[in-house]
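The structure appears right after this line, and notes come after that.
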Amino acid sequence: MTIQSYHRPETIAEALKLLHSSADIEILAGGTNIVTSSKPGGVVDLQRLPLNEIVVDATTATIGSMVRLQSIVDSADLPPFIRQLAQNEAINTFRNAGTLGGLVARAENDSELFAGLLVFEATIQFEDRAGSHTIPLSEYQPATIGRGIITDVTLHTDGTAVYERVARTPGDKPIVAVVGRKKGDTITLAACGAAATPILILPDQIDALTPPADFRGSEAYRRQMVSVLSERVINELGGE
Amino acid sequence: MNIHVTINNEEKTFACRADETLMRVLRREGYFSVRFGSDSGETGAAAILLDGELIAADVMLAAQADGHTIETVEGLSNGLNLHPIQRAFLHYGAIQSGYSTPAMVLAAKSLLAKNPSPSEAEIRDALSGILDRETGYVKPVQAIQAAAALMRGEEPDVPPPNILTPVDFEPGVADDDQGGFDPTPEFDGGSGTVAKTKAPPQPKLTSNIPETSVVGKSETKVDGIKLAKGNPAFVDDIEMRGMLYAKLLTSPHAHARILNIDDSDALALPGVRAVAHYKNVERVLYASGGQSYPNPPPYDQVSFDNKVRHVGDRVAAVAADTLEIAEKALELIKVEYEVLPAVFDETEAIKEGAPVIHDEPDVTDIHDAQHNICHHIEAHVGDVEAGFAAADHVFEHTYHVHQVQQCPIEPHIAISYWDADERLVIRTSTQVPFHVRRMVAPLLGLPVRRIRVIKPRIGGGFGAKQEMLIEDIVGHLTIKTGRPVRLELTRAEEFMSSRTRHPQTIKFKTGVSSDGKLVSQQMVTIANTGAYGTHGLTVQTVSGLRGLSTYNCPNKQFDCKVAYTNIPIPGAYRGYGAPQALFALEVHMDEIAHTLGLDKIEFRRINWVNVGDGLDIAPHLGEGEKETVIDIPIILSSGLNECVELGQQAIDWERRLDPAWRTVPGKPHLRRGLGMAVCMHGTAIPGLDMGGASIKINDDGSFNVLVGATDLGTGSDTVLSQMAAEVLGVPLEDIIIYSSDTDMTPFDTGAYASSTTYISGTAVKKAAEGVREQIKERVGLMLELDDWSGVTLANRRAWAPDGRSVTLEALALHSLHEDQQRQIMHTASYVSFESPPPFAGQFCEVLVDIKTGQVTVEKMVMAVDAGVVINPLTASGQVEGGMVQALGYAHCEEYAYDENGRMINSEFGPYKIYRAHEMPEIETILVQTMEPSGPFGAKAIAEIPKDGVAPALSNAIFDATGVRIREIPFTPERVWQALQSASE
């Protein structure tokens, strides 16, 4: 099946209508994945929707779903840690095309930015025909949104954060990465490469993880790495 | 649908389908600088600027670009007026094949528009989207730094290549104060008579290298302008009316018999013009490796077989009006398979009871088909068993090297068509146009004279294109349809259906005397040649030669079984058996030195070959089974001592003894270490590699140089032109070089075996010398000289000894038009029975995380003796790019398979190649020696950079952690497992 129709709606309502016109129509964000993976029958390109804003207040930032990853890198208003994770997330051609909404929707298990958003208590706002909804990013599953459209992601911007990773090369996707944030006395951890998507983890429950194995890392190795890197992150954040 | 864009400041409307990528549409509209590297955006070869930002046009729908502004390099320059970024790429040697140069130029343009003074990290990030398999990113980064300076109105500050004054090894110049070392001892046919002390030999600044004016200079590439501009120069950059698109149907099974193929539904699909498979293509046996006649046996392939032997093996090919119809037709071909048991490991494959991969009755010359043993190679000098018995210490270690791919960013592509004379023209991305013509002829049932092979610019090859790989397929389909046919491999096909590097299991056993001298060395290899033989024999003979040549030893033995398995086919890959052998050898030598408590470098030094030593195993390991080397080759030049010393200095070798340096404050899990390896390679295949060149003068005193040599991005056209210019006394711009076209250029074996500078270069030099003689004779006529032997050529003039001169233009006009008219021209060819080895010292610095196994390579230094360097810019580029490929081999590149032999990482990303923003520091040092047998003193440089990184890394990891890893690549879990095992 190849793409037969291309749509570029002007409003979210129009986009939702198109999405419901056929089960075979998918959302096109930056496009870097849809072209290479599953090819739907039609695509709805969100580039004209008003989802390109970054709005920052004292302790939170709200990033529109069509904001490019490079715009996150370039936004002086965002926490340097999040900007750094956005920079690490992809090569520059993909940062210039790829969007935050696309990244969140795909929830790839090696996305360090996704893990970073988790520890910064991110919530996703999405719209479907029933209206607008907000859910914690930690509860997101690709199926959650259904025939809806992610409109923006809101994260907290306070606290300090660090990350540790193991990868084949410095610029490679991580095999395992652990991101940690300390706010007050509380440390929150999230891990990549530990489950089907990046997840929040608790140090005493690492042994129960069943990471997805591939040629870059077996299940046992990944589990061990989550443990090693979590310990490092906690140390760096001054935890115990 | 239509899209409206502003492209290069022009308003344009393009028709496209909803599913078409921007890359496909732009190429169709004639923007050929936007190039195919993959369909995943990972190569960046198709990068363009969209509203000023660099994006990969192969992962953007054309429809997404509607209403936007696009820039390609076609809009950057006008005629010969290049953009400053393009000029910088040209002058700083940032262009090799040039396939991805347009993308890099655009990346720089976008960066500099926003940031006129970028840091190196920012430049590297700007290039992070573009995979480069050629330059190691060193020179593109320098070029962008220079361009930024130029655009700011400043003078660029970029260091020139690190190149040392040539040294020579003159007889009788031994300096006794240095310990009685004699650099040119009489060869005694046995172990070294030379290394009596630790003092290195003392090379002298050479006195016999003539001054040169073009050779030895960092001239810019002669093909650089068209590459910087993205001009249509590659195979796919032409438009042919009525051209059909071919697609391959490949096997989903690792081993299966094809019981039946039914192509009726596919043929019924409108737009499908032909389907080729075993039922309708004649069964003609061949071996696909691009090698000299007669190709080494066995001939174990046919164009289409009724058996498949690896996932990705050919089943059928379709030609259709469009790519989409061809793809749809593949789904309509019904293939009935009988799936057979498969075997993937070389050691398992040769065991009793393993599935027999070549059971077809018509193949001959397989050593033992029943046991999947394609070849059994044995060679020896002396008696290793007696040597082991006499040795004071005997060491034995087993190593394993894995499968990787060459990954040229331009995949294999060929276009064939009938010309007006009813001859079949094949325009193909090949390193071996002449071998392709000869090898494809019997498969197509055409005489050689009815085939013309054209090699335009090539987007890298690295050995993958030393193969007659897809030319038979387009040929069959053009013959079936009468139409032009184009076949381009996808990236996944490039991984699974082209060629790779041979995996090997290598056991080294070495006997050492109490004074640290080698007395016996044995190399026992089981090599994996995959489903077919192709280069299986010759890669392994080279592997044995390289494994047993670096060190003097009176008793040597090589024993190698070449095994068939059901993995995608190994073939030629830059280095050709040497990287495998030298990984094993150089780790083994390190292990011996460590165990004996010897200094790792001194132990090597007292054993390594020096000037005057003979390579005694060479006569027994000629190219394949043909003993082309009769005499023991003697080393006439070696800068190995200097390479190792300079490498030590550059990496600061003594740091490894400082405990404070070996750890990182605050990071107790990190360990630093240094490792080194000695490298020695060959230069061309003695007695076999031959190159031809033809030179003629034009009306204006310029010269056409026609060479069969195949520039695949290496810069050989430039280097060959420099040699011609040097002899003819003209600047480089007066040389117009053309390579290669079987109708137009003299024969050349092709671009492989590090042969072009040495072999084709000598052919060019001889041809130029022939032309020079004719010019001198003409000057004699013009100036009425009785004796013209003293005439010299310089500055575009021919000079009589009495000081009178004529311009070459006047001379050409005189010769072509005025008096005793004659075309001044000369053709020459060259074959050598020498293969002078280049030498190198490779050094690496690593940081190892002992809790995760992650290895970070911090610095690589390679000091190379490649003889006199013809062009320091292109030569250092070869070293930088080769070293980075070697880093991928050692560190992160690998084929991953599922249990059925299907590759699961056949795209970039999962198959990891280093990118610009994650590179270690790289330093290249060119140590020049005067090689008496080479043109202007040159030896080879193309392949030796592949040889030392893997062992140097293993040795550095050992230095850092005390754990020895005898298998590559050094990926985190493997290193972690080794650390775990060691701590248990």
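The values are calculated or read from the model by the stated rules, or taken from the named source; none is laboratory data. Given the structure is predicted, the values throughout are model-derived calculations rather than measurements. Cβ: placed from backbone, ideal geometry, glycine included. Neighbour counts: every protein chain shown. Side chains included, ligands, DNA and RNA excluded: accessible areas come from the protein's heavy atoms. Shrake-Rupley method; radii C 1.70, N 1.55, O 1.52, S 1.80 Å.
Worth pointing out:
- Selection count where residues are farther than 25 Å from B:GLY382 by Cβ and either open to solvent by 10 Å² or more (accessible area, probe 1.4 Å) or part of a strand (DSSP E or B) (or both), scope the range B:504-531: 3
Yes/no per residue for (1) surrounded by fewer than 24 Cβ atoms within 10 Å (Cβ to Cβ); (2) in contact with a Lys or Arg (Cβ under 8 Å, 6 or more places away or on another chain):
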position: B:LEU670; (1), (2): yes, no
position: B:MET680; (1), (2): no, yes
position: B:ALA684; (1), (2): no, no
position: B:SER694; (1), (2): yes, no
position: B:GLY701; (1), (2): yes, yes
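- Residues satisfying the stated conditions in the range B:1-36, i.e. polar (S, T, N, Q) and part of a strand (DSSP E or B): B:ASN2, B:THR6, B:THR13, B:THR21
Table: residues versus (1) touching a residue at least 60 places away in the same chain (Cβ under 8 Å); (2) farther than 30 Å from B:ASP236 by Cα; (3) in contact with a strand residue (DSSP E or B) (Cβ under 6 Å, 6 or more places away or on another chain); (4) among the hydrophobic types (A, V, I, L, M, F, W, C).
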position: B:THR505; (1), (2), (3), (4): yes, yes, yes, no
position: B:SER513; (1), (2), (3), (4): yes, yes, yes, no
position: B:GLY516; (1), (2), (3), (4): yes, yes, no, no
position: B:GLN521; (1), (2), (3), (4): yes, yes, yes, no
position: B:THR529; (1), (2), (3), (4): yes, yes, yes, no
position: B:VAL539; (1), (2), (3), (4): no, yes, no, yes
position: B:VAL542; (1), (2), (3), (4): yes, yes, no, yes
position: B:ARG546; (1), (2), (3), (4): yes, yes, no, no
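- Scanning the range B:445-456 for residues that are crowded, with 23+ Cβ neighbours inside 10 Å and outside any loop (DSSP other than H, G, I, E, B) yields a count of 1.
- One residue from B:PRO252, B:PRO294, B:PRO232, B:PRO270 being open to solvent by 10 Å² or more (accessible area, probe 1.4 Å), without any contact (Cβ under 8 Å) to a residue 40 or more places away in the chain and in a loop (DSSP other than H, G, I, E, B): B:PRO294
- Within the range B:365-393, if we keep just the residues that are under 29 Å from the mean Cα position of the chain (by Cα) and outside any loop (DSSP other than H, G, I, E, B), the residue that is farthest from B:GLY530 (Cα to Cα) turns out to be B:ALA379.
- Every pair of residues 6+ apart whose Cβ atoms lie under 6 Å, when the first sits in the range B:108-136 and is without any contact (Cβ under 8 Å) to a residue 12 or more places away in the chain while the second is surrounded by 24 or more Cβ atoms within 10 Å (Cβ to Cβ): none
- Enumeration of residues in the range A:3-33 that are surrounded by 17 or more Cβ atoms within 10 Å (Cβ to Cβ) and within 11 Å of chain B (Cβ to nearest Cβ): A:ILE3, A:SER5, A:TYR6, A:HIS7, A:ARG8, A:LEU28, A:ALA29, A:GLY30, A:GLY31, A:THR32, A:ASN33
- If the condition is being at the interface with chain A (Cβ under 9 Å from one of its Cβ atoms) and either open to solvent by 10 Å² or more (accessible area, probe 1.4 Å) or not in a helix (DSSP H, G or I) (or both), then the range B:42-63 contributes B:GLU42, B:GLY44, B:ALA47, B:LEU50, B:GLU53, B:LEU54, B:ILE55, B:ALA56, B:MET60, B:LEU61.
- On the stretch given as the range B:666-690, residues that are more than 14 Å from chain A (Cβ to nearest Cβ) and at pLDDT 95 or above total 11.
- Looking only at residues of the range B:892-904 that are facing chain A (nearest Cβ under 9 Å) and free of Cβ contacts under 8 Å to residues at least 40 places away in the same chain, we find that the one that is surrounded by the fewest Cβ atoms within 10 Å (Cβ to Cβ) is B:ILE904.
- Conditions (1) surrounded by fewer than 19 Cβ atoms within 10 Å (Cβ to Cβ); (2) among the acidic types (Asp, Glu); (3) at pLDDT below 95: number failed by B:ASP39: (1)
Yes or no, residue by residue, for (1) buried (at least 24 other Cβ atoms within 10 Å of the Cβ); (2) assigned to a helix (DSSP H, G or I):
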{"position": "B:LEU106", "(1), (2)": "yes, yes"}
{"position": "B:LEU112", "(1), (2)": "no, yes"}
{"position": "B:PRO118", "(1), (2)": "no, no"}
{"position": "B:ILE123", "(1), (2)": "yes, yes"}
{"position": "B:ARG133", "(1), (2)": "yes, no"}
{"position": "B:ALA148", "(1), (2)": "no, yes"}
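- Listed here are the strands (runs of 3 or more DSSP E) enclosed by the range B:782-877 that have at least 2 residues being within 14 Å of another protein chain (Cβ to nearest Cβ) and surrounded by fewer than 18 Cβ atoms within 10 Å (Cβ to Cβ): B:855-865.
- Restricting attention to the range B:933-977, the residues being closer than 15 Å to B:THR852 by Cβ, in contact (Cβ under 8 Å) with a residue 24 or more places away in the chain and either away from chain A (no Cβ under 14 Å) or in a helix (DSSP H, G or I) (or both) number 9.
- Just one of (1) more than 30 Å from B:PHE839 (Cβ to Cβ); (2) in contact with a helix residue (DSSP H, G or I) (Cβ under 9 Å, 6 or more places away or on another chain) fails for B:ALA794. It is (2).
- For the range A:124-135, a tally of residues being in a strand (DSSP E or B) and out of contact with any Leu (no Cβ under 9 Å at 6 or more places or on another chain) returns 7.
- Only residues that are away from every other protein chain (no Cβ under 14 Å), within 32 Å of the chain's Cα centre (by Cα) and farther than 30 Å from B:THR525 by Cα were counted in the range B:314-356, giving 5.
- Within this structure, A:GLU121 fails the test of being touching a Phe, Trp or Tyr at 6+ places or on another chain (Cβ under 9 Å), part of a loop (DSSP other than H, G, I, E, B) and surrounded by fewer than 23 Cβ atoms within 10 Å (Cβ to Cβ).
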